[in-house]
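*Asks:* I have a structure here, written as structure tokens, and I will follow up with some questions on it.
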Amino acid sequence: MTVRAYRAYFVGLPAALTATALWGFTFLGPAAVAPVNVYYLVVGRYAVFGLMSLAVLLTHRRGLPALGVRRLLTALHLGVVGYIGFYLLLAMSAELGGGVLASTLTGLIPLMVTLVSNVLEKVLAWRRLALPVVVISLGLLLVNSGAPADRSADGGDLALGAVLGFLASAAWSYFVIVNRRALERARPAVDGTTWTACIGLGACLGSLFLLPLALTGGGPSPFADAGTLWPFLAWCVTLAVLGSWCATWFWNLASKQLPATVMGPVIGMEAVFGAAFNLLWEGRTPNFHELWGGLLVIAGVLLASYLFNRAGLTRTEPQRGAGEPAGPPRPLPAQPSSTS
């Protein structure tokens, strides 16, 4: 291996893992602000993200005219679906079924993107995808079939939490696919910074429609007292800064160093980090179902990525960490990269 290749791995791989860890960290949000309802958290987080995006747009005024009305509307709607839809569904899933369940379900995202990409581009025989689909399905079933003895959620809550987690994965997968196709058509007229900021603005505007739900939802208001307000604001800022901008910076650094064959599997680590952070937060070790189910999900995601890389289909690999809900979209240059 050349000196340049060694540098790519020693710099790029830690950067990619840091990005996925930061996205996984955002899964702690609902538990961290409880008993304040998740609607307040979504509004607060994306209000901060929107203000940051607005500041970026004010300093990149030349990028807006090149965007055009149609592309602007596309970016705004991606912000609503990919950020508000994804994070809200994920937070509700974590609230009902637990953070480990919600985090593990995000392991579906790389597989969903792979399958939909194969439908759109018809590039790989479906029989070759049978094994990873079965492995991931078994892993998810195993995780969902067992719950810790001290978990308060009943069977109905766990089932609903699993459904919401699946819908969250579908929302982010939609974002990844549509965002990539839109960027490929827009390049080179639109720069990634302007595109990302427009999506952040869309997420902020979309979160405003959740204000009535936040005001009428259960739990105390974050403005009830200083003891509730300041920790809540701190988490909103932390999730916006770390889960969006910092994660994006590390991911873009990794994307410049590592080939697509490495970046694809690393994306699946978001779910692993999310589950690990939730286990630390709950102060417990994974039970049998969570441990082996999670390992099966990881194995299935890696196997699916391997099959596509073997076929030379790096262009169909997912470009986000799943989670974050939690970070802004990542524009894709010739070598897979992301800007969240």
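The values are calculated or read from the model by the stated rules, or taken from the named source; none is laboratory data. For clarity, every value in this text was computed on a predicted model and none was experimentally measured. For neighbour counting, all protein chains shown are included, and Cβ atoms are generated from backbone atoms with ideal geometry for every residue, glycine included. Heavy atoms of the whole protein, side chains included, go into the accessibility calculation; ligands, DNA and RNA do not. Shrake-Rupley method; radii C 1.70, N 1.55, O 1.52, S 1.80 Å.
*Asks:* Can you tell me how many residues in the stretch 16-75 are open to solvent by 30 Å² or more (accessible area, probe 1.4 Å), closer than 18 Å to residue 222 by Cα and under 22 Å from the mean Cα position of the chain (by Cα)?
*Replies:* 5
*Asks:* In the stretch 97-117, is there at least one residue being without any contact (Cβ under 8 Å) to a residue 40 or more places away in the chain and not polar (S, T, N, Q)?
*Replies:* yes
*Asks:* Would you point out which residue out of 214, 234, 254, 226 is at pLDDT 75 or above and open to solvent by less than 40 Å² (accessible area, probe 1.4 Å)?
*Replies:* Of 214, 234, 254, 226, the one residue that is at pLDDT 75 or above and open to solvent by less than 40 Å² (accessible area, probe 1.4 Å) is 214.
*Asks:* When residue 95 is evaluated against the numbered criteria (1) open to solvent by 10 Å² or more (accessible area, probe 1.4 Å); (2) at pLDDT below 90; (3) in contact with a Ser or Thr (Cβ under 8 Å, 6 or more places away or on another chain), which criterion, by number, is the only one it fails?
*Replies:* For residue 95, the failing item is (3).
*Asks:* Quick check on the stretch 90-111: of everything there that is more than 21 Å from residue 283 (Cα to Cα) and outside any helix (DSSP H, G or I), which residue is farthest from the chain's Cα centre (by Cα)?
*Replies:* 107
*Asks:* Consider the stretch 36-68. How many of its residues are in a helix (DSSP H, G or I) and at pLDDT 85 or above?
*Replies:* Of the residues in that region, 21 qualify.
*Asks:* Exactly one of these conditions fails for residue 90: (1) at pLDDT 85 or above; (2) in contact with a helix residue (DSSP H, G or I) (Cβ under 6 Å, 6 or more places away or on another chain); (3) not polar (S, T, N, Q). Give me its number.
*Replies:* That leaves (1) as the condition not met.
*Asks:* If you don't mind, another one. Working only within the stretch 207-251, note down all residues that are among the β-branched types (Val, Ile, Thr) and either assigned to a loop (DSSP other than H, G, I, E, B) or within 21 Å of residue 78 (Cα to Cα) (or both).
*Replies:* Within the stretch 207-251, 241, 248 meet the criteria.
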